[in-house]
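Step one of this worksheet: look at the structure below.
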Amino acid sequence: MAIKLPDWFGRKPKSEPADPDALRVLMVCMGNICRSPTAEGVLRAKLARAGLARRVIVDSAGTHGMHAGEAPDPRAVRHAAQRGYDLAVLRARPVVASDFMQFDWLIAMDRANLDWLERKAPPGSQARKTLLLTQASGVLDTDEVPDPYYGPAQGFERVLDLIEAGCDGFIRKIGAQ
């Protein structure tokens, strides 16, 4: 019996068709409504500006499925929009077992989610690398993107600063490969 997935599962903004050999990147946080959709939107925009949109497929997911199907937090959407990133079309989804086989990179926003990914990775998973987004930057003085959910509005600005730096570093990293 085939499993019917919800309409929001696998949602993607309209974009050019990807190269069949495209690198696949999954941004991960806990609920997939603040940090990881922001990272998805920022990385997509930066890849498009660099002419790499067809060579890298970007998605995001949460280690906990409590917000599945929901739009990103309105504060994340608003702050991202002020910097030119569109998160409004995204919908939260949980990390699923097939993600470990389909994605080359699983990029966590913090240590707790990185540890979760490493514990849940099935034997023989195809993911080349799990890492913290901040590790990709090579310049940040913090190792985590903090969760802004329970904090003030300025927390969303700090998250964007860290994510932009991390995405820039990740693009440099993959550009060198």
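The values are calculated or read from the model by the stated rules, or taken from the named source; none is laboratory data. Since we're looking at a predicted model, the values are computed, not measured. Cβ placement follows ideal geometry from the backbone for every residue including glycine, while neighbour counts extend to all protein chains displayed.
What the table below lists for this structure:
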| read-out | value |
| --- | --- |
| Among residues of segment 32-56, those that are surrounded by fewer than 23 Cβ atoms within 10 Å (Cβ to Cβ) and assigned to a loop (DSSP other than H, G, I, E, B), counted | 6 |
| Some residue of segment 57-73 being at pLDDT 95 or above, over 14 Å from L26 (Cα atoms), among the hydroxyl-bearing types (S, T, Y) and surrounded by 14 or more Cβ atoms within 10 Å (Cβ to Cβ) | no |
| Whichever residue in segment 104-149 is in a loop (DSSP other than H, G, I, E, B) and of a type in the set (S, T, N, Q) and, among such residues, is nearest to R78 (Cα to Cα) | T142 |
| The lone exception for A88 - which of (1) free of Cβ contacts under 8 Å to residues at least 60 places away in the same chain; (2) out of contact with any helix residue (DSSP H, G or I) (no Cβ under 6 Å at 6 or more places or on another chain); (3) assigned to a loop (DSSP other than H, G, I, E, B); (4) under 23 Å from F156 (Cα atoms) it fails | (2) |
| Subset of segment 42-64 (residues that are free of Cβ contacts under 8 Å to residues at least 12 places away in the same chain and closer than 18 Å to S137 by Cβ) | R49 |
| Within segment 140-159, tally of residues that are of a type in the set (A, V, I, L, M, F, W, C) and closer than 16 Å to N32 by Cβ | 3 |
| Residue within segment 22-29 that is at pLDDT below 95, more than 25 Å from M109 (Cα to Cα) and not β-branched (V, I, T) present | no |
| Matching residues in segment 103-119 - criterion: being surrounded by 15 or more Cβ atoms within 10 Å (Cβ to Cβ) and not acidic (D, E) | F103, W105, L106, I107, A108, M109, N113, L114, W116, L117 |
| Segment 120-152 - residue that is hydroxyl-bearing (S, T, Y) and touching a Gly at 6+ places or on another chain (Cβ under 7 Å) and, of those, surrounded by the fewest Cβ atoms within 10 Å (Cβ to Cβ) | S137 |
| The lone exception for L160 - which of (1) closer than 14 Å to V28 by Cβ; (2) in contact with a Ser or Thr (Cβ under 8 Å, 6 or more places away or on another chain); (3) in a helix (DSSP H, G or I); (4) hydrophobic (A, V, I, L, M, F, W, C) it fails | (1) |
| Residues located in segment 102-122, provided they are closer than 20 Å to I33 by Cα, of a type in the set (D, E) and within 14 Å of the chain's Cα centre (by Cα) | D110 |
| Condition broken by A81, with the remaining ones in (1) in a helix (DSSP H, G or I); (2) small (G, A, S); (3) within 22 Å of I174 (Cβ to Cβ); (4) without any contact (Cβ under 8 Å) to a residue 24 or more places away in the chain satisfied | (3) |
